[in-house]
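Just so you know, all these numbers are worked out from the coordinates, no wet-lab data involved. Bear in mind that the values here come from a model prediction, so they are computed numbers and not experimental data. Glycine gets a Cβ as well: all are built from the backbone with ideal geometry, and neighbour counts include every protein chain shown.
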There are 2 protein chains.
Amino acid sequence: MVKRFGGTKVLVHFGGGSVKKSGLLSRVEDALKAEEISFVELGGVKPNPRSGLVYEGIELCRKENVDFILAVGGGSVIDSAKAIAAGAVYDGDFWDYYSKGIPVDKALPVATVLTIAAAGSEGSPDSVITHEDGMYKRGASGESFRPKFSILNPELTCTLSAYQSACGVTDIMAHICERYFTNTKEVEVTDRLCEGLLKTMIHEAPRVIADPNNYEARANIMWAGMAAHNNICGVGRGQDWASHGIEHELSALYDCAHGAGLAVIMPHWMEYVMNHDINRFCQFATRVWDVDMDFANPENTAKEGIKRFRKFLSSIGMPVTFAELGAKEEDIPTLVKQSQVSDKNRMGGFVPLDDKDVEKIYRLCCE
Amino acid sequence: MVKRFGGTKVLVHFGGGSVKKSGLLSRVEDALKAEEISFVELGGVKPNPRSGLVYEGIELCRKENVDFILAVGGGSVIDSAKAIAAGAVYDGDFWDYYSKGIPVDKALPVATVLTIAAAGSEGSPDSVITHEDGMYKRGASGESFRPKFSILNPELTCTLSAYQSACGVTDIMAHICERYFTNTKEVEVTDRLCEGLLKTMIHEAPRVIADPNNYEARANIMWAGMAAHNNICGVGRGQDWASHGIEHELSALYDCAHGAGLAVIMPHWMEYVMNHDINRFCQFATRVWDVDMDFANPENTAKEGIKRFRKFLSSIGMPVTFAELGAKEEDIPTLVKQSQVSDKNRMGGFVPLDDKDVEKIYRLCCE
């Protein structure tokens with residue numbers, strides 16, 4: 001497959017020791033050797049991947065004339081690989097794409113061997129990196145970021161802990177919700193696809209937590225993770241993404257798992273914006289959470305849906321408050337400042353939030 | 001876009017006069033002229049596309065050194081374009097792919113401007129052609145058949161009649177059902193995606209029939225048609241496809257619309273195979289058709305689901321019996337013979353049917 005996409009010199013990019021310990025890295029490298037494809041290694045990607053290693057990777061690619069990047073790992077490794085892929089063929093600083101929102105129109109081809117079902121980066125045109133100079137966590141996108149191929153073997157995810165699995169499920173559900181809450185009317189296909197994936201997560205998450213080796217549940221979660229973020233569920237509809245923006249400052253500051261941060265932020269964001277479109281939240285409550293519609297008091301239905309969502313996250317071991325996450329109320333001004341949100345630079349397509357809104361949502365998380 | 005995929009000499013392939021009358025063909029050709037891409041035309045594709053025009057197209061491509069095929073039309077035009085694309089770069093008879101089931105590993109690049117939401121050929125690696133020598137209707141597949149790009153503009157489908165629209169919806173629903181009825185266990189993601197698309201069709205079909213210019217409903221049907229057949233709903237699960245096989249002989253013999261034939265065959269096929277997996281039919285009935293589960297008599301639930309499916313098809317103007325389709329009971333032996341199904345050459349992945357089963361299903365359609 002690497003050859004098919006023109007790869008002759010590969011950068012094998014990975015994270016910590018787990019892919020070495022499990023033997024996966026050797027399997028991948030043996031496969032490259034068998035095809036007589038030369039490669040160089042770059043490990044050390046951390047969760048919430050950093051700019052430092054990206055710069056290192058770019059330099060390595062240039063020095064070694066790398067023409068293909070193979071990411072072996074989860075979303076962090078893949079996002080880091082994408083950043084290197086863009087930087088290696090860009091004259092300026094790769095961070096331009098992330099800080100200025102320039103669409104990525106040129107990058108080395110990237111492919112993935114996925115080990116965590118969560119980020120959906122294996123099928124998406126997106127990448128998120130934290131710049132160590134200021135700890136800003138920002139995203140970049142572009143079709144050249146979409147992997148040429150991704151190997152999704154559910155067996156590789158069976159070694160994940162219950163906590164890692166739950167973080168992944170939360171991230172997947174968040175990717176769906178960011179698309180689900182939209183101002184675009186009459187988007188029945190994508191609504192139904194979103195709802196189907198959410199219901200699958202509700203069904204499968206407790207099963208992998210009860211039995212980490214449940215192959216079928218792992219497989220369903222892995223495929224849902226791809227479908228949740230390759231945008232098949234987002235075509236032709238406005239999307240929100242404020243919760244992701246608000247969360248990014250948490251994982252940038254506390255280095256917590258992105259999924260855990262989302263579990264805290266997303267239900268509080270829902271409560272905060274609920275009145276913007278109570279009918280949509282009723283649809284969410286009735287179709288996804290099987291809440292009986294209270295036609296006399298629709299807001300009760302909407303609230304009950306959010307309550308069940310939070311209860312579900314809690315039941316799979318996710319934190320749902322600042323205290324449970326280990327975040328501090330006194331850091332809120334810093335978090336708001338880091339987000340760079342203001343009256344002019346709002347965040348969120350469903351309800352555009354300013355800095356005051358963001359602060360209020362962080363405060364709701366402390367109650 | 002044509003240039004991006006290396007097209008320098010294009011075959012513009014289309015059907016009858018409607019794309020001329022509507023001005024669509026001129027718009028497409030003007031766009032090619034504006035990019036200074038030269039092209040040749042080949043019109044005349046009929047529903048249930050035939051081998052004769054395919055041979056003509058192959059010859060034209062070779063003579064004119066065509067390196068890209070642009071299909072402007074519905075599934076028939078696209079399927080014909082794919083057959084030409086394969087034949088133009090194949091030393092033997094293009095029909096080898098269709099008669100012998102050889103995977104199509106080489107073809108000219110094909111792209112589409114879609115005018116009918118139905119076949120899903122705009123996103124699929126499949127093509128179905130009827131050979132005039134014997135009127136055999138057969139399919140071929142291969143990744144090189146997947147269009148390089150497809151332009152899906154719902155406005156182009158607003159001129160379809162209620163009957164054409166209903167045939168399209170039926171075909172879309174059939175593509176989902178062929179994947180839904182599977183022996184693979186624990187395929188929750190794809191089950192839910194299938195159910196979501198089916199529910200969307202139930203919601204949207206009556207709306208386009210009531211108002212052909214309902215843009216939102218047209219858009220949802222168009223996007224569902226793509227998702228129903230690009231295999232996002234079929235990943236990792238066995239599939240059936242007997243109903244399509246059984247139907248193909250109807251449209252080959254009577255030249256009826258494929259969707260209309262499916263409306264007759266599919267519910268009868270369901271009744272015939274129901275007992276193979278009553279639970280799956282109960283899931284179909286409860287999740288898609290909102291049937292209350294009869295726990296004491298599950299088969300009642302299953303039957304009620306099929307009944308509602310047939311009633312729905314009837315309500316959108318589809319034939320549901322041989323008589324309504326204009327098919328004749330006395331032709332059944334011919335139909336069975338043409339299908340080339342036997343005890344050794346069975347049809348269907350969910351329940352492998354032999355010639356006697358196929359005959360019984362045709363007979364059920366006459367009751």
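Shielding of peptide B:45-54 by partners, expressed as the average count of other chain Cβ atoms within 10 Å per residue Cβ, is 0.
From other protein chains only, count the Cβ atoms within 10 Å of every residue's Cβ in B:200-209, then give the mean.
Numbers: counts 7, 3, 1, 4, 3, 0, 0, 2, 0, 0.
Mean shielding by partner chains, rounded to a whole number: 2.
Closest approach of any chain B Cβ to the axis that rotates B onto A belongs to B:Gly196, 2, distance given in whole Å. What separates the A:Lys3 label point from its copies, with the point 7 Å along Cα to Cβ, is 3.4 nm, written shortest first. Note that region A:258-367 shows a convex hull volume over its alpha carbon atoms of 105 Å³ per residue. In a fully extended conformation the segment linking B:Asn65 and B:Ser22 would gain 12.6 nm over its present Cα-Cα distance, using 0.36 nm per residue. Compared with the direct C-alpha span, the chain from A:Asp133 to A:Asp277 gains 47.9 nm at full extension, assuming 0.36 nm per residue.
Each label point was placed 7 Å from the Cα along the Cα-to-Cβ direction; for B:Asp290 and A:Val40 their separation is 6.2 nm.
What FRET efficiency, computed as 1/(1 + (r/R0)^6) with R0 = 45 Å and r the Cβ-Cβ distance, is obtained for B:Thr159 and B:Asp105, rounded to the nearest 0.05? Intermediate values should be presented prior to the final figure.
Numbers: r = 37 Å, r/R0 = 0.83.
Taking R0 as 45 Å, the efficiency between B:Thr159 and B:Asp105 is 0.75.
For region A:25-181, rounded, prolate or oblate, judged on the Cα gyration tensor with a ≥ b ≥ c (square roots of eigenvalues), a/c < 1.5 rounded, else prolate if a/b > b/c? It is oblate, given that a/c is not under 1.5 and a/b is not larger than b/c. What does the net charge come to around B:Gly225 if you take all other residues with beta carbon closer than 13 Å to its beta carbon, with K and R at +1 and D and E at -1? That works out to -2. Mind pulling the angle between the C-alpha long axis of helix A:24-34 and the longest principal axis of chain A? Nearest 10 degrees, somewhere in 0 to 90. Between helix and principal axis, roughly 40 degrees.
Taking each residue of B:217-226 in turn, how many C-beta atoms of other protein chains fall within 10 Å of its C-beta, and what is the average? Present the calculation step by step, with values, prior to reporting the outcome.
Details: counts 2, 0, 6, 8, 2, 2, 8, 5, 1, 3.
So the per-residue partner count for this stretch is 4.
Taken along the Cα-to-beta-carbon direction at a fixed 7 Å, the label points for A:Ser342 and A:Val89 span 3.6 nm. Computed 3J(HN,Hα) for region B:203-216, one whole-Hz value per residue from the Karplus formula 6.51 cos²θ - 1.76 cosθ + 1.60 where θ = phi - 60°, is 6, 8, 4, x, 6, 6, 6, 6, 9, x, 9, 5, 4, 4, glycine and proline marked x. Can you return the lysines within cross-link range of A:Lys356? Criterion is Cα-Cα under 21 Å, with same-chain partners fewer than 8 residues away left out. Qualifying lysines at Cα under 21 Å: A:Lys137, A:Lys328, A:Lys337, A:Lys344. Here the 3J(HN,Hα) profile of region A:67-77, calculated from phi with Karplus coefficients 6.51, -1.76 and 1.60 at θ = phi - 60°, is 10, 7, 10, 10, 8, 10, x, x, x, 5, 5 Hz, Gly and Pro shown as x. Annotation for B:His276, label-to-label distances across the other copies: 4.8 nm (shortest first, one decimal, point 7 Å from Cα along Cα→Cβ). Both radii come from the Cα set of the protein assembly as shown: Rg as radius of gyration, Rh as Kirkwood radius; their ratio Rg/Rh reads 0.98. For B:Phe39, the amide hydrogen comes within under 5 Å of the amide hydrogens of B:Val10, counting only partners 5 or more places away or on other chains and with H modelled in the peptide plane.
Each other copy holds its own label point for A:Lys311; taking that point as 7 Å from Cα along Cα to Cβ, the gaps run 3.4 nm, nearest first. Computed from Cα positions, the angle between helix B:242-254 and the longest principal axis of chain B comes to roughly 60 degrees.
Would you mind putting A:121-129, B:331-339 in packing order, based on average other-beta-carbon counts within 10 Å, highest first?
A:121-129, B:331-339
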